[in-house]
Amino acid sequence: LSQKAFKRDEPLEHYLELSKVVAKHAGGLPLALELLGSFLCGRSEFQWREVVDMIKEVSASHIVMKSLRISYNGLPRCHKALFLDIACFFKGRVKELATQTLEICDRYPAVGIELLVEKSLATYDGFTIGMHDLLQETAREIVIEESHVDAGKRSRLWSLEDTNQVLKYSRVRLFFFN
């Protein structure tokens with residue numbers, strides 16, 4: 001938590017108690033600690049207290065999802081779209097190839113991917129773009145929430161089943177990413 005939130009091994013003195021509360025409620029889950037730390041980096045003490053109040057009401061088993069939602073909601077709109085694109089289409093892909101495609105779609109990947117990595121919402125190993133499976137699952141749930149029943153009303157399609165349904169029953173404009 002401290003390494004992500006403060007860029008050092010220990011929290012700043014006046015954030016020590018808040019850091020303990022955040023760590024306790026994260027249940028020791030590394031992904032939750034990383035997400036919360038990245039989200040809280042550079043935020044005021046008041047903002048830390050707001051986040052603490054939000055996560056106090058959530059069980060440890062749901063803290064990763066809640067942490068992700070907090071981090072996702074804090075992104076600018078264009079970076080939210082980029083995050084969803086990576087989760088749905090580009091996880092495990094070569095960064096340079098993904099970047100070319102995303103530039104065509106006006107997603108501004110050069111800055112956006114760096115921001116997502118900084119916020120622990122994506123990874124980059126020097127070759128491929130990655131993402132924790134729970135982050136990908138939650139991102140895809142965000143897309144499904146756009147329309148639980150009609151896949152044609154969702155902003156992204158990644159499953160063959162949904163794509164077939166839309167092609168069979170709807171008139172849509174399609175983009176394919178290989």
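The values are calculated or read from the model by the stated rules, or taken from the named source; none is laboratory data. Every value quoted in this text rests on a predicted model; they were computed, and no experiment measured them. So basically every Cβ, Gly included, is an ideal-geometry build from the backbone, and we count neighbours across all protein chains shown. These area figures cover heavy atoms from the full protein model, side chains too; ligands, DNA and RNA do not enter into them. Shrake-Rupley method; radii C 1.70, N 1.55, O 1.52, S 1.80 Å.
A 1.4 Å probe run over the chain, with the rest of the protein chains in place, finds 59 Å² accessible per residue.
Where only DSSP H runs of four or more residues are counted, the chain gives -16500 deg cm²/dmol as its mean residue ellipticity at 222 nm, each run worth -39500 (n - 2.57). Distance between the 7 Å Cα→Cβ label points at F46 and D150: 4.3 nm. Number of Lys-Lys pairs in the chain with C-alpha atoms under 21 Å apart and a separation of 8 or more places or on different chains: 25. Once the Cβ-Cβ distance of Q3 and C105 is raised to the sixth power relative to R0 = 30 Å, the FRET efficiency obtained is 0.35. Between E141 and H14, the simple label model (points 7 Å from Cα in the Cβ direction) yields a spacing of 3.6 nm.
When the Cα positions of C88, Y15, C41 are compared along the charge dipole of region 1-124, C88 comes out farthest toward the positive end, with charges on each C-beta of Lys, Arg, Asp and Glu. Loop-located chymotrypsin sites (Phe, Trp or Tyr not before Pro) in region 120-163 (DSSP state other than H, G, I, E, B) with a sparse environment of at most 12 neighbouring Cβ atoms within 10 Å: F127. For D162, D150, D9, the ranking by accessible surface with the largest value first comes to D9, D150, D162, using a 1.4 Å probe.
Annotation for E118 and L97: the two label points, set 7 Å from Cα along the Cα-Cβ direction, are 2.8 nm apart. The E161 and F127 beta-carbon pair, evaluated with R₀ = 25 Å, returns a calculated FRET efficiency of approximately 0.25. Projecting the Cα atoms of S2, Y169, L116 onto the charge dipole of the chain (Cβ charges, centred on the Cα centre) puts Y169 farthest toward the positive pole. Put simply, the amide H of Y124, placed in the peptide plane, has neighbours under 5 Å in G130, leaving out anything fewer than 5 places away on its chain. In this Cβ point-charge picture (+1 for Lys and Arg, -1 for Asp and Glu), the chain has a dipole of about 380 debye about its Cα centre. For the chain, the relative contact order works out to 18 percent when only alpha carbon pairs closer than 8 Å and six or more residues apart are counted.
In the complete set of protein chains, residue-level accessible area for T138 is approximately 10 Å², probe 1.4 angstrom. First compute the accessible area of the chain with a 1.4 Å probe, then give the percent of it belonging to carbon and sulfur atoms. Accessible surface attributable to carbon and sulfur in the chain totals 52 percent. Exposed loop sites were defined as GluC sites (Glu not before Pro) in DSSP loop states (anything but H, G, I, E or B) carrying at most 13 other C-beta atoms within 10 Å; in the chain the longest segment without such a site runs 58-144. Solvent exposure of H132, expressed as accessible area, is near 90 Å², computed with a probe of 1.4 Å over the protein chains only. Spatial offset of region 1-42 relative to region 118-162 amounts to 26 Å, using the alpha carbon center of each.
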